[in-house]
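See below for the structure under consideration.
The values are calculated or read from the model by the stated rules, or taken from the named source; none is laboratory data. What you are looking at is a predicted structure, and each value in this text was computed from that prediction instead of being measured. Cβ: placed from backbone, ideal geometry, glycine included. Neighbour counts: every protein chain shown.
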Amino acid sequence: MSDIKKIKDDYIDKLNTENNIEKINNIKSELFGKNGIISSEFKKLGSISAEERKKLASDLNNIKDELQNKISIKIQEIETKEINLKLEKEKIDVTLPERNIEIGKIHPVSQVIDEISSIFSEIGFSVEEGPDVENEYNNFTALNTPDNHPARDMHDTFYLDNNKELLLRTHTSPVQVRTMLKGKPPFKIIAPGRTYRSDSDQTHAPMFHQVEGLHIDKNINMGHLKGCLNYFIKEFFEVDKIKMRFRPSHFPFTEPSAEVDIGYEIKNGKIVIGEGNKWLEILGCGMVHPNVLKNVNVNPSKYQGYAFGIGIDRLGMLKYGINDLRAFFETDYRWLSHFGFDPLDVPSNYRGLSR
Amino acid sequence: MKFTIDWLRNHLDTKFNNNQIIDKLTNIGLEVESFESSTSELDTFIVAKIINAKTHPNADRLKLCDVDIGGDKTIEVVCGAPNAKNGLLTVYAPPGSIIPKNQMKLSVSKIRGVTSYGMLCSESELLLSNESDGIIELKNNKYANKIGEKYFKNNSEKVIDLSITPNRPDCLGVKGIARDLSAAGAGKLKINKKSNLKYRGNQNINVTIKKEKVQGCTIFGSCLIKGVTNKESPKWLKDKIMSLGQKPISAIVDITNYVMFDLNRPLHAYDADKIDNEIIVRSSSKGESFEALDNKKYILENDMCVISDRSGVLGLGGIIGGKRSGTEYSTKHILLESAYFLPRSIRKTSKQLNIDTDAKFRFERGIDPLSIEEGLIKASELIKQICGGEISNLDVKKIENYKKTIINFDPFLFEKTTGFNVENKELIKILERLGFNVSKNKKILKLVVPSWRPDITQPIDIVEEIVRIKGYEHINTSEPIKTRSKPTLNYYQKLFHFLQRSVASKGYLETVTWSFTDSKINQLFKENDEEISIVNPISSDLNVLRNSIFPNLLFYLKKNLDRGFKDISLFEIGPAFKGKNPGDQLTVIGAVRAGKVSRLSWNDKERIVDTFDVKKDVIQSLCEAGINKDDIIIDDRTPSYYHPGKSGGVYQNKNEKNAIAYFGEIHPNIIKKLDIKTEGLVIFEICLDYIRASKQKIKDSKSEYKFSDFQKSERDFAFIINKNFKSQELVNIIKSVDNKLIKSVRVFDVFEGENIPEGKKSIAVNVTIQSEEKTLNENDLDNINKLIISSVESKSDAKIRS
């Protein structure tokens, strides 16, 4: 017994001090190899008495377990140490720059169009479109603005022919005409798009964007118009309350007509929408004129409703603090990066209109 | 429309203060643009203090003064006054001021080699006294804290500027504005005193309105005023004229203008002695001409309404008078005209000749045809009062009688349109105050429309009148109705949305450029499309509608390169025009990418952007928008503005005419022509309209989920093949060997040169083979390998590389 006890103690000591993986493996075969010390001790068991054998076998098994355990712990220890050493050598400078990121952006006009579409989608409007080139009839005559009407002077029109038959649409209202001519009431649409007037200075661009709205049904009145626009403005500017004023005005294609102002004030050099005692005109609207309904084969004694037109660029400027309209269309890389929106920032109701 | 509040009060008895009047005007649809004092030439003169007066270096008698005018810095003024000294408070006139004494306009000038900014003034220069020996000395106790303020108080009445919508000619006169205010409860319209004017004799210049096919005049009223003394207008009249922002001319002209703005009744005064015998109102013949009061000679077309005498044209009726018969200070006898001209005729003539006058503006919108006499009487009274003279009987010639407009109005239409109710009594009151004659027939109101409201023709016009006077604040706010009958976006609108954001997510900045462009750049991109010119472009370099998005994109790319940007990715989604008719347009994405990939990267090798960068962008975008990569074919048919060897088209069908997208390098000639300097430039475009709409929604088009767990094998092949043979075709040949077993084919190497015969290339492909039924054994795989090689070799001129 003392023999094997001594063997065990010697080897435990050896293992404790040894740190070379090869040598540990050598010890392992010295002890447990075919002719290893422990293996040989087990072989001896056959030649002793049954009584002694039981005791010795038990002792041997304990010693064997103890040594094997020690060896495997030792091996693991050394391996861990070696790996750690290796990883330490592999260390890189993670503060070096990543591979180039190319960040694209969505233009503010597109973002605002998506915001507007999202808001009106919530209250059942669908999106319609019309061509940029229009004929004189759809742009003016069908909209109750005959040739001799002074209101035509308010639209500086780009023409494509000398007879003034073909033109670039001066507003999105011809989409009303197209929509009603091709379908049957009720109509509930918005139509965002490019519009053109031959006007160019600090606050006017020869091309700009409008969104048209049209809701025609049996009993749509000015109260609905007010409710719809009130809802839209509140949602768009993401405020709980909005100060809003309807003011009589005149457009040939609506009657009664109104212009809508919203209250604002200047705080610390920034415009704050919704409060204050200054007024800012943001859109024109009204009840669709019976003459227009007749022109598009809708019976005005059965159907009525409202229409509105909003300047998209202007709304975007107000919401996002952009000062210069002309910059929208100048493709300055710096401006586009600064005011553009992340392509994944898709305006929606559940995720929120804007980040 | 400009006027002063006191002028308004001539017509309106009101307890409202100025601000209440301003608010009311806006609330009834007469939008107030501004309400401020009219500017005066004297506004520029300000109180100033001499900080330091030293002797002029080149002139002993002149002084060089540092003057505090209230700003951050002092300014330097050269002054000859002996009393200019340190600390003196005086009056300073900046450059641009007009000196009252001699009406000279000051400018920045050099006096003996020293620049003088403005002038210090004497009392005589300001017409305050004859004192001219020195500059004004202001009292310290009164002016010390007023440095920088105006020296002359502006006592002029505040002027209201209204923006009058084109439907309201009646409010182009102060009386009409007063009437609207009275209807809205802001006071009572004053009734004109009955005139006790005495008439003597007849208007003995014969007036004829010729009956013609086209006659722009239907009524011509006139009177003669004999023995007048024309002169400068009295102060009250001058003030009124100036408050309109106009210059007083002479009493007679000022009076006709005054009546026009007061009653919206344009008039014209002729020097009666200069009329040759008679007045003939007729249509012009082409080539006739006359010199107008604006000193311009106009050559007329056919059928313009002219006032003439026996010698020829005197003036254009309702637009502008002629020089030949104009009144002067020496005029003794005048003929006063008050007529009605048809809006259509006025508009046509003034457009043709490009004339805009206050009279034209009013006649074009519609003047009250029953105001002929009222205008003549009011002007005659004033002329008699100011210039004396005797007034003849009024002479009114007409070829048409005025017809009243009658509207039968059901008050229910009001509630139906506005959503709220107004009692009949109140509604009638509003209409009567606006000048309607109201009678009742059961529930229907019979309304006679006042003659000054040509805009009112049908019941809806009445609704507008009532609601605007009652006030829009009475309209209720109804909650939005949320019902919908159609999805918000259709297939193409969704496609637009997906592709727009998909392209942006590849690192492109979205831009929006004009729909028009420079024809010189456009013609490089227009292919076979027609050029669409704009008749009246905003400038000559924006003179055509763009046939393609690239002219603008490349123009702005160049600008950004000039700004010093090197790596630029830009795109626009919008219209490209294919013809000049409505609808001849396509919705297109155009994208440009310039510069290098991995520029200045510490770990990647930088390289110039190439065709396969944009090919990836375009294909990935299409896939993200829902197009299956297996359903598209790449071809090398591309428009001529692409590099003929380094560009491709994306087609949905082999023989399709129109590609849904193109990508590649731009033609080197174009880069040279546009003088674009960049290391690399590649572009792509997607035409949304050419993408075939998917008929099924994704919920209906998802196929059954199938997968195989049997072992897959990969095999590599290298073929020597004709240099021009397309890799896409090689891949297709291999796939068609067994569509079920061959899961994918990838080209992983293309090589030309060493060891490869001239005109050939080596293509290496990796083929993945997997069965859905069993694990393939060596034998199966060998068979497929052999089949692949034999198919490729027989269907092309390729040879397997051993």
Report task. Please go through segment B:424-461 and pick out each residue that is under 37 Å from the mean Cα position of the chain (by Cα) and acidic (Asp, Glu). Result -> B:455, B:461
Query - segment B:457-480, residues that are β-branched (Val, Ile, Thr) and at the interface with another protein chain (Cβ under 7 Å from one of its Cβ atoms) - result: B:460, B:463, B:467, B:475, B:477
Query raised in the report: Say we look at segment A:129-154 and pick out the residues that are closer than 19 Å to residue B:344 by Cβ and assigned to a loop (DSSP other than H, G, I, E, B); which of these is nearest to the other protein chains (Cβ to nearest Cβ)?
Result: A:148
Report task. Scan segment B:426-436 residue by residue and report those that are farther than 26 Å from residue B:477 by Cβ and in a helix (DSSP H, G or I). Result -> B:428, B:429, B:431, B:432, B:433
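What helices (runs of 4 or more DSSP H), lying completely within segment B:332-420, carry at least 2 residues that are among the polar types (S, T, N, Q)?
Answer list for segment B:332-420: B:343-353, B:372-387, B:412-418.
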Query raised in the report: Out of (1) within 29 Å of residue A:149 (Cα to Cα); (2) within 12 Å of chain A (Cβ to nearest Cβ), the odd one out for residue B:437 is which?
Result: (2)
Query raised in the report: Name the residues in segment B:205-261 that are within 17 Å of residue B:337 (Cα to Cα), outside any strand (DSSP E or B) and of a type in the set (D, E, K, R), would you?
Result: B:210, B:254
Query raised in the report: Only one of these conditions is not met by residue B:640: (1) outside the structural domain of residue B:778 (by TED's automatic domain parsing); (2) crowded, with 16+ Cβ neighbours inside 10 Å; (3) not acidic (Asp, Glu). Which number is it?
Result: (2)
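Conditions (1) more than 9 Å from chain A (Cβ to nearest Cβ); (2) among the acidic types (Asp, Glu), marked per residue:
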position: B:517; (1), (2): yes, no
position: B:520; (1), (2): yes, no
position: B:527; (1), (2): yes, yes
position: B:534; (1), (2): no, no
position: B:559; (1), (2): no, no
position: B:564; (1), (2): yes, no
position: B:569; (1), (2): no, no
position: B:605; (1), (2): yes, no
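Among what's in segment B:730-743 and is surrounded by 13 or more Cβ atoms within 10 Å (Cβ to Cβ) and either farther than 14 Å from residue B:796 by Cα or not aliphatic (A, V, I, L, M) (or both), pick the residue that is nearest to the chain's Cα centre (by Cα).
Looking at the filtered set, the residue picked out is B:732.
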Query raised in the report: Across segment A:212-246, which residue is surrounded by the fewest Cβ atoms within 10 Å (Cβ to Cβ) among those that are of a type in the set (Gly, Ala, Ser) and in a helix (DSSP H, G or I)?
Result: A:223
Requested in this report: Look through segment B:571-603, keep the residues that are more than 9 Å from chain A (Cβ to nearest Cβ), touching a Lys or Arg at 6+ places or on another chain (Cβ under 7 Å) and hydrophobic (A, V, I, L, M, F, W, C), and return whichever of them is nearest to residue A:340 (Cα to Cα).
Outcome: B:576
Requested in this report: Have a look at B:526, B:506 and point out the one that is part of a loop (DSSP other than H, G, I, E, B) and modelled with pLDDT under 95.
Outcome: B:526
Requested in this report: Considering every residue within segment B:291-303, establish whether at least one is surrounded by 24 or more Cβ atoms within 10 Å (Cβ to Cβ) and closer than 19 Å to residue B:217 by Cα.
Outcome: no
Requested in this report: Identify the single condition in (1) within 14 Å of chain B (Cβ to nearest Cβ); (2) at pLDDT 90 or above that residue A:88 does not satisfy, given that it satisfies every other one.
Outcome: (1)
Query - Residues of segment B:506-523 satisfying the condition of being surrounded by fewer than 20 Cβ atoms within 10 Å (Cβ to Cβ) and either within 12 Å of residue B:641 (Cβ to Cβ) or of a type in the set (Gly, Ala, Ser) (or both) - result: B:507, B:523
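Here is a yes/no grid of residues against (1) surrounded by 22 or more Cβ atoms within 10 Å (Cβ to Cβ); (2) not acidic (Asp, Glu):
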site: B:62; (1), (2): no, yes
site: B:68; (1), (2): no, no
site: B:71; (1), (2): no, yes
site: B:74; (1), (2): no, yes
site: B:77; (1), (2): yes, yes
site: B:83; (1), (2): no, yes
site: B:86; (1), (2): no, yes
site: B:91; (1), (2): yes, yes
site: B:104; (1), (2): no, yes
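Output the residues belonging to segment B:146-176 that are more than 14 Å from chain A (Cβ to nearest Cβ) and among the hydrophobic types (A, V, I, L, M, F, W, C).
B:147, B:152, B:159, B:160, B:174
Somewhere in segment B:241-260, is a residue farther than 30 Å from residue B:7 by Cβ, assigned by TED's automatic domain parsing to the domain that holds residue B:380, under 40 Å from the mean Cα position of the chain (by Cα) and small (Gly, Ala, Ser)? So that I can check it myself, show each step before the final result.
So the first thing to find is which residues in segment B:241-260 are farther than 30 Å from residue B:7 by Cβ, and the list is none.
Taking every residue of segment B:241-260 in turn, none turns out to be farther than 30 Å from residue B:7 by Cβ, assigned by TED's automatic domain parsing to the domain that holds residue B:380, under 40 Å from the mean Cα position of the chain (by Cα) and small (Gly, Ala, Ser).
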Requested in this report: Could you figure out which of (1) more than 8 Å from chain B (Cβ to nearest Cβ); (2) free of Cβ contacts under 8 Å to residues at least 24 places away in the same chain isn't true of residue A:159?
Outcome: (1)
